[in-house]
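Notes to accompany the following structure.
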Amino acid sequence: MTASLSLPASVVAVGSEAASEADCFHCGLPVPPDTHYRVRVQEREQALCCPGCQAVAQTIVDSGFADYYQTRSSFSASAREVPGSVGDLIPEALRLFDAEEEQQRYARAAGNLREAVFSVEGIRCAACVWLIERRLARLPGVAEASMNVASERLHLRWDPALCQPSQVLAGLRQIGYTAYPCDPVRQAAQLQKSGKKLFRQVFIAGLCMMQVMMYAAPAYMSDADTMDGDMASLMRWASLLLTLPAVLYSAQPFFIGAWNSLKSRALGMDVPVALGIAAAFVGSTISTLRAVGEVYFDSVTMFIFLLLCSRYLELLARRKASGALEGLQHAMPASALRMLADGRQEVVAAGRLQRGDVIRVRPGEAFAVDGVLKECAATVDLSLLTGESRPQTRQPGESIPGGAVNAGQAALLQVTRPLADSTLSALLRLAERAGQAKPRIAQWADQVAAWFVLALLLLALGVFIAWNVIDPARAWPVAIAVLVVSCPCALSLATPSVLAAATDALVRRGVLVVQPHVLETLHRASHIVFDKTGTLTVGQPVLQACSVLSPDLTRERALQVAAALEGASLHPLARALLVAASDLPGLQVTQLQSFAGQGLQGEVEGCVYRIGSQEFVQALAGKPLRQVSSVDGTQVFLGNDSAWLACFTIEDAVRPEAASVVARFQAAGKKVMLLSGDSQGNVSRIAAQLGIEHALGGQSPHDKLERVQYLQSNGAVVAMVGDGINDAAVLKAADVSFAMGGGAALAQVHADAVLVSGRLSGVWQTADCARRAMLVISQNLAWASLYNLLAIPAAALGWLNPWLSALGMSLSSALVLLNALRLARLPKED
Amino acid sequence: MEALYILIPVSVALVFLAVWIFLRATDTGQFDDLKGPGMRILQDDDRGTGRDNKET
């Protein structure tokens with residue numbers, strides 16, 4: 001292949017970088033030592049980091065798309081986390097998208113074909129687009145596949161007789177991209193459409209404004225000697241013609257907004273804007289027809305353009321945020337594996353499960369609905385529901401709430417309640433109720449604006465009447481001048497432009513602001529309440545300490561033996577040991593036996609070992625353990641038939657950045673609290689470690705809600721940072737709430753902001769950004785008030801001529817916008 | 001200066017022409033994807049279309 005010689009330098013750079021042994025050829029992540037995933041690309045062996053990347057790269061090469069690796073200009077997304085990239089099997093859950101009722105939700109018929117829009121993740125460069133379109137074009141039955149790079153959407157048309165959506169999704173997974181159907185009726189599509197219309201309106205307003213300025217400029221600079229009346233009249237008529245599209249088409253949002261707010265008997269900011277535009281336009285038109293008096297066409301078009309610009313900026317920020325949010329909520333329907341009478345299994349949507357059905361829950365999966373455990377005991381992780389961090393054992397016959405995660409072996413569950421009545425749904429309803437009681441800051445802002453607008457309208461009316469007495473000929477122009485010069489351009493730009501710039505800056509830092517009031521409320525917050533599990537802590541058990549109890553054993557050896565015994569286990573504690581021992585060479589284990597709820601026994605290099613609870617190991621080791629240090633966390637013991645060998649302390653690790661985030665909030669004068677469903681002991685210990693004074697453990701979702709509402713009733717403004725489903729209600733009740741991006745999808749829906757990066761420091765960054773945003777807003781408002789305070793009386797007294805007021809208005813707006821844009825540059829992360 | 005009596009109406013007509021062209025361009029989706037076409041132009045259409053021409 002000589003094609004690479006003619007490629008741009010950046011492409012060659014990736015090629016040579018990928019050839020280095022240390023990084024994965026496919027995704028560029030470091031290749032772990034002692035792994036041997038290889039793929040042969042164009043006569044060269046390339047190293048890969050994981051089976052996922054290997055399978056994806058192999059599929060790409062085998063399909064004849066090896067050119068992809070030569071033309072790409074950045075590494076591919078890692079396939080480590082893409083389920084279904086290994087093997088040719090279509091993941092069962094994807095088949096749910098084939099069901100007719102599901103297809104009706106996202107696809108529509110186009111003749112004999114179906115068409116739908118899919119959202120694709122992991123697009124990095126042009127080569128990805130090429131790969132995706134070529135791969136799909138080869139699937140039988142796909143009529144058209146076109147990728148929109150900007151929105152990461154795939155438009156697909158297929159023949160339902162020849163192919164199913166699940167095959168398309170599986171085909172994409174095999175080459176390393178996760179995709180899911182987009183619901184066209186959802187908000188994102190509406191945003192897209194309104195964005196297109198607004199873009200047109202901005203463009204047309206801008207075009208008209210520029211041309212009208214051209215006609216206006218000579219009028220400002222000339223007097224009766226240099227420009228004759230006919231020419232001036234022609235210029236006015238030309239201005240009038242070109243102002244028409246701006247007023248009739250571009251200004252629609254203001255007229256519609258003003259009409260809507262009048263209909264609901266409120267005075268929004270749109271009312272004086274619409275009135276100003278209408279009055280100035282009508283007044284100028286009358287002047288043009290009568291050929292006397294001033295015209296304001298240039299000012300009219302400029303208002304429309306500048307105001308639309310700020311709206312467009314705001315919309316772009318909002319769309320960016322909603323796109324990122326959609327990526328978080330995987331549209332995968334919750335599914336379950338139902339056992340049929342003849343012993344077969346089928347995948348069904350969780351919503352279709354009936355009371356009495358038996359479902360099989362594989363290790364690591366969540367229980368889709370409430371039910372009773374059948375046949376064997378199970379270990380369940382309830383941390384999402386209760387905050388309890390340690391997995392618990394449940395015996396057959398005991399009930400398990402939906403949303404719990406199966407942390408042990410596969411379990412059989414008899415459904416007791418369908419999804420609609422389940423614990424999860426009850427929590428959701430609790431969240432909805434809490435949401436209704438939420439204080440509405442937005443209403444307050446609207447009220448202030450309404451008063452300002454009312455005062456402005458009354459002033460304009462007063463000025464009009466006063467000038468009618470003094471000099472009736474000037475009454476109309478002066479009243480327009482008051483509306484025009486005070487047109488709340490700077491005022492209405494002051495807040496939204498700052499919020500848009502701040503939101504945009506935060507999205508780039510991995511914080512997704514969903515509700516517009518987040519920055520304002522967070523700045524006022526007096527209490528910052530954290531959840532523990534998954535928020536202040538990582539949410540997964542990590543090996544904290546390993547004390548060796550036998551003199552002739554090294555720490556490494558103990559870990560090796562423990563990892564060998566636990567190698568096949570899916571228990572979270574076992575995973576912690578395996579992660580800790582992942583750098584050490586593995587040992588062979590034979591005669592492995594599992595004792596439910598107690599531990600494991602196995603033979604390593606001819607010696608029998610036991611790992612598990614103290615009693616369980618003591619039964620083999622014989623003599624009781626002398627000193628059992630009372631450490632926190634869960635202890636796992638290792639022993640053989642003659643001695644105790646080691647004690648591992650495993651517990652949920654505190655996030656590394658948690659302490660600094662807590663300290664910064666405390667330094668900023670906010671009260672930091674910890675509310676958790678975990679036991680008081682665990683909670684107090686973490687609180688002491690992080691320097692949090694107020695920490696309450698054993699809190700049910702209802703307790704948390706009451707606690708927050710109690711604080712609020714005493715005048716506190718509460719910011720809540722949470723993670724699990726059990727937090728959904730309290731997140732909604734708090735004045736402002738954050739959800740960790742890795743948390744349950746449900747909590748994100750109810751949170752005002754989502755920490756997509758999964759880093760707790762995002763909360764502090766948002767608070768910092770909020771502080772600076774409020775500063776910029778107050779600067780902007782101060783400037784706008786000062787300007788209005790000077791300009792309105794000047795206009796009312798008839799001192800302002802049109803070009804001066806137009807210049808002042810645009811300079812003031814530009815100043816406000818530039819000030820807001822300072823926020824887009826965030827200081828470097830510390 | 002008399003030229004202006006022709007030039008000003010011409011300029012008005014030109015602006016309306018520009019608006020009409022712009023509306024047509026948005027209707028045909030010219031502004032929908034501002035990134036993709038720039039990327040695609042670097043990809044040759046005549047190679048690597050799949051298994052069939054793997055040998056070439």
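Hey, rough spin-label estimate for A:D62 and A:A659, points 7 angstrom out along Cα→Cβ, what's it come to in nanometres?
About 5.0 nm separates the two model spin labels.
5 Å is the cut-off here: which amide hydrogens, built 1.01 Å from N in the peptide plane, fall below it relative to A:T537, excluding neighbours closer than 5 in sequence?
Placed amide hydrogens put A:R655 under 5 Å from A:T537.
For region A:91-154, compute the orientation-averaged projected area of the C-alpha convex hull (one quarter of its surface), in nm². Don't skip to the end; give the middle numbers.
Values: hull surface 20.6 nm².
That works out to 5.1 nm².
Using Cα pairs under 8 angstrom and six or more residues apart, how large is the relative contact order of region A:595-700, in percent?
17
Would you mind giving the mean number of other chain beta-carbons within 10 Å of the Cβ of each residue in B:5-15, as a whole number? Intermediate results must be reported in sequence, preceding the final value.
Details: counts 3, 0, 0, 8, 4, 0, 5, 8, 1, 1, 11.
For this peptide, the per-residue mean of nearby foreign Cβ atoms is 4.
Using the per-residue mean of other Cβ atoms lying within 10 Å as a proxy for protection, in what order, highest first, do the peptides A:345-352, A:669-676, A:545-552, A:61-68 fall? Don't jump to the answer; show the numbers that get you there.
Working: A:345-352: 15.6, A:669-676: 20.5, A:545-552: 14.0, A:61-68: 19.0.
Highest-to-lowest ranking by the protection proxy: A:669-676, A:61-68, A:345-352, A:545-552.
Over 30 Å between C-alpha atoms is what I'm after, so list which of A:K263/A:K704; A:K196/A:K732; A:K671/A:K732; A:K374/A:K532; A:K374/A:K704 land there.
Numbers: A:K263/A:K704 40 Å; A:K196/A:K732 33 Å; A:K671/A:K732 20 Å; A:K374/A:K532 32 Å; A:K374/A:K704 33 Å.
Beyond 30 Å between Cα atoms: A:K263/A:K704; A:K196/A:K732; A:K374/A:K532; A:K374/A:K704.
Tell me the label-point distance for the pair A:E102, A:Y220, using the 7 Å Cα-to-Cβ offset, in nm and rounded to one decimal.
6.2
So, in nm, how far is label A:E693 from label A:T554 when the simple model puts each one 7 Å beyond its Cα toward the Cβ?
4.9
How charged is the neighbourhood of A:S778? Take every other residue with its Cβ under 15 Å from the Cβ of A:S778, and add Lys/Arg as +1 and Asp/Glu as -1.
Numbers: positive: A:R524, A:R771, A:R772, A:R822; negative: A:E520.
Residues close to A:S778 contribute a combined charge of +3.
FYI, it's all coordinate maths here, none of it is from the lab. Everything numeric in this text was worked out from a predicted model, so none of it was measured. Neighbour counts run over all protein chains shown; Cβ positions are idealised from the backbone, glycine included.
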